[in-house]
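The values are calculated or read from the model by the stated rules, or taken from the named source; none is laboratory data. Because the structure is a prediction, the values reported are computed rather than measured. Note that we place each Cβ from the backbone using ideal geometry, even for glycine, and neighbour counts take in every protein chain shown. What goes into the accessible areas is simple: the full protein's heavy atoms, side chains included, and nothing from ligands, DNA or RNA. Shrake-Rupley method; radii C 1.70, N 1.55, O 1.52, S 1.80 Å.
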Amino acid sequence: MANKFFVSPAPHVHGDLSTTRLMGDVVIALLPALMVSVRVFGWNVLAITAVSIACCVLFEFLVQKYLVKGPATVGNLSAVVTGLLLAMNLPANIPLWIVVIGAVVAICIAKMPFGGLGKNIFNPALAARVFLLIAYPVQMTSFPKPTLEGFADAYSGATPLGAAKAGLVDFASFDIAGMFTGAMGGSFGEISALALLLGFVYLLMRRVISWHIPVAVIGTIIAFSAIYGATEGGALVWQMPLFHILSGGALLGAIFMATDYVTSPMTTKGMVIYGIGIGVITMCIRLWGAYPEGMSFAILIMNSTVPLINKYVKPKRFGAVK
Amino acid sequence: MAKTFPIGGVHPSDNKQWSKSSAIETMELPDVVNIPLSQHIGTPATAIVKKGDKVVVGQKIAEATGFMSANIHAPISGTVTAVDLQPNGQGIRQMMITIKREDDVWDEAIDRSETLVTECNLEPKAIVEKIKDAGIVGMGGATFPTHVKLSIPEGKRAEILIINGVECEPYLTSDYRTMLERGEQLIVGTRILMRAIGVTNAVIGVEANKPDAVKHLQAIVGAATDIKVQMLKTQYPQGGEKQLIAAVTGRQVPAPPALPIDVGAVVCNASTAVAVYEAVQKNKPLIERVVTVTGAAVPSPKNLLTRFGTPVEALIAKCGGLAEGDVKVINGGPMMGRALSNIAMPVMKGCSGITIMVGSATVRGVESACIKCAKCVEACPMGLEPYLLSKQARKRAWDAMEANDITSCIECGCCQFTCPANIPLLDYVRLGKQTVMGIIRARNMKK
Amino acid sequence: MTTLIYTILTLCIIGVVAAVVLYFIAQKFKVEEDPRIDETEKMLPGANCGGCGFPGCRGLATALVESDDISALYCSVGGEECMGKIAQYLGKAAPKKEPQVATVRCGGSCEKRPKTNSYNGSSSCAIASALYAGETGCAYGCLGYGDCVEACAFDAIHINPETGLAEVDADKCTACGACVKACPKGIIELRKRWPKNRAIYVSCVSKDKGAVTMKACKAGCIGCRKCEKVCEFGAITVENNVAFIDSTKCRLCRKCVGECPTGAIRMIGLQPLVKKEEVKEEK
């Protein structure tokens, strides 16, 4: 018989999930936010994104080929996701050379030295962003004013959180609709809550992520700022939370950065703890810290607790005695 | 919402369409059969025939050795030509009784008529004894001796009988066809089992992808309230004993060494219930079963009523033979079945189907790095952490695995099925489980 | 200026407090140990291979120091010289053990033992052997996935890609026995080490009957007993259809090698015996 018999242990079938598909879905989920940014800030956004992705992929390829000397890993699209997320965490008028430095930090410092995909402790895109924020504070915090007519280079507008820090926001009457659709200053990926929520729904539908981390983060921010709003002015119980989830990187961070597989906990219980931690640290930095925004720092700090959470927070075993 | 088990689970494509509509056919009698003495969990049976003996269909040829064992009966009539080591499906030599067929002469005590005998007035003990004599074991694949299951230990009490008609394993349709075509016998068998363990209610669990089976069984039960046919959400591994109990009763069997009886449940497979009917009402021992032969490239997938000992290759030939090229022949379904290296393997009591994979489906995907996506933790129906256990098994950290409840693993394969990085999680988890179980056994022996 | 002074002062105070705390903690948790254990451990090779049966060299060092009779304790990695030194240091009688070497008793190379199927599971002998007999017709032979290679701390055993079999580098082998434990098929045996790594052994462990073995592998022992009959030293026994040469009784006379019809008896570092020649005494 001209048969070649194969033998392997069960199971003999495999689901349709693959690393490439999951990463591809994250990219797709980020597209609405990217499109809003192009509409608001102009084509420059695409240039930054392209440079960021190209550099991340190139650096990963080079490190893998010449330093690790292992099989090529760029096919799994994880470098694309890192590049895209890094770009979306930058202001729309950032010089391209800074983007290149960001990619170096993300891939060559935050990701590959730990052993590549799956082994890094900190979210590479965020590590790079925080590095850039500290190394190039001027370029990283002068945001172009959002305009539907295209990119306005000369004008730098403050972010809502920056304004709030300076005590310039009247919480009773801020532009909710504008913050929802993209008319706010900030890194270009974080401006439209609507686009980000669209991405969230897509990720949930494709079962790429579970709801636990984003809901825990946002829920904590809401609860924290509601209590703060109540103690501060009584009447701000709902305005404060709304302002804090729509402004800054709250949604981008909660949906796309905190849920990064590698740097988030493995169990649902752990995810909730991790999400609450991010929410609390973010709000502490926003309300009492030196920086107007604390999402990146909060996620990085909680990233460092993930191994501990994985060690001590176990899933509920089937048949466990209550 | 349809009932299901509380945690984990996956949804593999069930692919039952290939064989679900073919009615049960009787497989031709083989000329020579090899009957393994170990077709069940526990001690192998002891042969009570020797070379040269004449046997008739249904004659006991091997006797249970001890409590955790099962009798074996001649599936064909003829002459015993050897009692010797023969390779099993995995190429490992086991004791088998070889019988050369002469005609088809049945033991006279067996009632071969088609008439349905519903009345059963035997004492519970007598029923269990008859089931034991007939050598009945769990026919879903685990092959746990049924009489052991029905012997309720001192101090425990059964409250409910659950008939497992879930057949959550993809591709297979033997239980499905049995429920459709032998529903009457199944219901009588269920009532006999209820009588044997002294319970007044039974639930037949069937997944939602078999609505006609639910309807058919419900029609047979009619207005009677002792048996309930319960439709369950289609989700693998619903047919796992613990998952089924949780789906039907909401009770969770604690971690080993606890057994289903600790939550008052006894679970029997649907085909087993039919076998019980035949054994108790018709004096027919377990000598044949329905085997599904299926797969994407099988020319004519079938459900074949096959005498034990028939070589698997004869079944495959009956269904159109193997396509040339790369193949993987699996004893059982694709999630938990065992791949065969020897297709001359005889059909046994636990062989519910033969699944044939061809082409690229025969080999696994290329393994890549774990991205800690937690899909395996999400999928595990036992609430374990497969990524961690497999890592620990690779490091041979057996103590750590025991502390992480490895013994609860039911080897369902959900983790490996779902892993986007194609990591052979279950390979290592299974290795760890076997090793840890060995360590625990050795420790208990010392005590 | 004051800032500077305060900074220096604060750091100094923290330093002193930490030192004091550390001192007391170290005192509190101090474990009294025989200093000879440290010395003994230093004398051991430090491979931590576990070949002695203890978890690491320190385990053996502790046992060596604590037990009066150390004849049952032995470090095969360090060998006679190392054990002699330790025994002298501890003032105890040095344990004696014949030097040994790991031997892979399977000769079923790819060409001698044809494949009947392809294994596609995890590359681990333990996993493959728990699943089934293996890729060939022989259920006893070397699987070649290298569990022994992984277990070896001395880089002394490798899978030869041409034969698909594990091969021991006798010069590197320390007879720690890690590979023996790792092999799920029980093929690897620790045998007496002859000078110049000479050896004669049956490279087959198949308990199958002769005809079955022959069908599966051209290099298998068929249990014909020819070797048993020719051996003058009673070193060869045939049990369960397979011959076994007791390395402590064998004198390397090579008579059995020529008798074996399948070539299952392997010879290393020796010339084949020319018929009718006088049996040379090995040194």
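What to note about this one:
- Residue count for the stretch A:270-307, restricted to those that are more than 14 Å from A:ILE221 (Cα to Cα) and either away from chain B (no Cβ under 14 Å) or outside any helix (DSSP H, G or I) (or both): 12
- Qualifying residue in the stretch B:409-427 (condition: part of a loop (DSSP other than H, G, I, E, B), within 23 Å of A:TYR312 (Cα to Cα), more than 10 Å from chain A (Cβ to nearest Cβ) and in contact with a Lys or Arg (Cβ under 7 Å, 6 or more places away or on another chain)): yes
- If the condition is being in contact (Cβ under 8 Å) with a residue 24 or more places away in the chain, buried (at least 17 other Cβ atoms within 10 Å of the Cβ) and within 9 Å of another protein chain (Cβ to nearest Cβ), then the stretch A:9-42 contributes A:THR19, A:LEU22, A:MET23.
- Residue identified as at pLDDT below 95 and outside any helix (DSSP H, G or I) among A:LEU236, A:LEU252: A:LEU236
The rows are residues; the columns are (1) of a type in the set (Val, Ile, Thr); (2) in a loop (DSSP other than H, G, I, E, B); (3) modelled with pLDDT of 90 or more.
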residue	(1), (2), (3)
C:VAL65	yes, no, no
C:MET83	no, no, no
C:THR103	yes, no, yes
C:GLY107	no, yes, yes
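- Yes/no for B:ILE92 being under 19 Å from B:GLY350 (Cβ atoms) and open to solvent by 30 Å² or more (accessible area, probe 1.4 Å): yes
- Residue that is farthest from the other protein chains (Cβ to nearest Cβ), among those in the stretch A:100-121 that are surrounded by 23 or more Cβ atoms within 10 Å (Cβ to Cβ) and over 20 Å from B:TYR387 (Cβ atoms): A:GLY102
- Residue match in the stretch B:356-368 (condition: open to solvent by less than 10 Å² (accessible area, probe 1.4 Å) and more than 14 Å from chain A (Cβ to nearest Cβ)): no
- Tally, over the stretch B:42-60, of residues that are buried (at least 20 other Cβ atoms within 10 Å of the Cβ) and either within 14 Å of chain C (Cβ to nearest Cβ) or closer than 29 Å to C:SER206 by Cβ (or both): 1
- Residues of the stretch B:369-400 satisfying the condition of being among the aliphatic types (A, V, I, L, M) and either in contact with a helix residue (DSSP H, G or I) (Cβ under 6 Å, 6 or more places away or on another chain) or open to solvent by less than 10 Å² (accessible area, probe 1.4 Å) (or both): B:ILE371, B:ALA374, B:ALA379, B:MET382, B:LEU384, B:LEU389, B:ALA393, B:ALA400
- Of all residues in the stretch A:308-319, those satisfying the criterion of being assigned to a loop (DSSP other than H, G, I, E, B), at the interface with chain B (Cβ under 9 Å from one of its Cβ atoms) and open to solvent by 20 Å² or more (accessible area, probe 1.4 Å) are A:LYS314, A:PRO315, A:LYS316, A:ARG317.
- Odd one out for B:ALA403, checked against (1) within 11 Å of chain A (Cβ to nearest Cβ); (2) surrounded by 16 or more Cβ atoms within 10 Å (Cβ to Cβ): (2)
- Positions within the stretch B:3-21 being touching a Ser or Thr at 6+ places or on another chain (Cβ under 8 Å) and outside any strand (DSSP E or B), in sequence order: B:HIS11, B:ASP14, B:ASN15, B:LYS16, B:TRP18, B:SER19, B:LYS20
- Positions within the stretch B:333-355 being of a type outside the set (Val, Ile, Thr), facing chain A (nearest Cβ under 8 Å) and open to solvent by less than 10 Å² (accessible area, probe 1.4 Å), in sequence order: B:PRO334, B:MET335, B:GLY337, B:ALA339, B:LEU340
- Exclusive hit being outside the structural domain of B:GLY353 (by TED's automatic domain parsing), within 27 Å of B:GLU25 (Cβ to Cβ), at pLDDT 95 or above and surrounded by 24 or more Cβ atoms within 10 Å (Cβ to Cβ), set B:ILE187, B:ILE245: B:ILE187
- Scanning the stretch B:307-325 for residues that are within 20 Å of B:ALA361 (Cβ to Cβ) and surrounded by fewer than 18 Cβ atoms within 10 Å (Cβ to Cβ), we see that the one that is nearest to the other protein chains (Cβ to nearest Cβ) is B:GLU324.
- Selection status of B:TYR176, assigned to a loop (DSSP other than H, G, I, E, B) and either more than 28 Å from B:PHE67 (Cα to Cα) or in contact with a His (Cβ under 7 Å, 6 or more places away or on another chain) (or both): no
- Residue that is nearest to the other protein chains (Cβ to nearest Cβ) [pool: residues in the stretch A:122-145 that are in a helix (DSSP H, G or I) and at pLDDT below 90]: A:PRO137
- Screening the stretch B:182-300 for strands (runs of 3 or more DSSP E) wholly inside it with 1 or more residues that are over 25 Å from B:ALA2 (Cβ atoms), under 19 Å from the mean Cα position of the chain (by Cα) and away from chain A (no Cβ under 14 Å) returns the ranges B:288-294.
- For the stretch C:115-124, the count of residues that are touching a residue at least 24 places away in the same chain (Cβ under 8 Å), part of a loop (DSSP other than H, G, I, E, B) and of a type outside the set (Lys, Arg) is zero.
Yes/no matrix, rows are residues, columns are (1) in a loop (DSSP other than H, G, I, E, B); (2) farther than 23 Å from B:PRO420 by Cα; (3) outside the structural domain of A:LEU126 (by TED's automatic domain parsing):
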site	(1), (2), (3)
A:ILE48	no, yes, no
A:ALA54	no, yes, no
A:VAL57	no, no, no
A:GLU60	no, no, no
A:PRO71	yes, no, no
A:VAL81	no, no, no
A:TRP97	no, yes, no
A:GLY102	no, yes, no
A:CYS108	no, yes, no
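- Lone unmet requirement of (1) in contact with a Ser or Thr (Cβ under 9 Å, 6 or more places away or on another chain); (2) open to solvent by 50 Å² or more (accessible area, probe 1.4 Å) for A:VAL138: (1)
Table: residues versus (1) over 30 Å from A:GLN139 (Cβ atoms); (2) crowded, with 22+ Cβ neighbours inside 10 Å; (3) touching a Gly at 6+ places or on another chain (Cβ under 6 Å).
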{"site": "A:PHE174", "(1), (2), (3)": "no, no, no"}
{"site": "A:PHE188", "(1), (2), (3)": "no, yes, no"}
{"site": "A:LEU197", "(1), (2), (3)": "no, no, no"}
{"site": "A:VAL217", "(1), (2), (3)": "no, yes, yes"}
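- Of residues in the stretch C:72-121 being in contact with a Phe, Trp or Tyr (Cβ under 7 Å, 6 or more places away or on another chain) and over 30 Å from C:LYS207 (Cα atoms), the one surrounded by the fewest Cβ atoms within 10 Å (Cβ to Cβ): C:LYS97
- For B:ALA62, the requirement of being within 26 Å of B:ARG182 (Cα to Cα) and either among the small types (Gly, Ala, Ser) or out of contact with any Pro (no Cβ under 9 Å at 6 or more places or on another chain) (or both) is not met.
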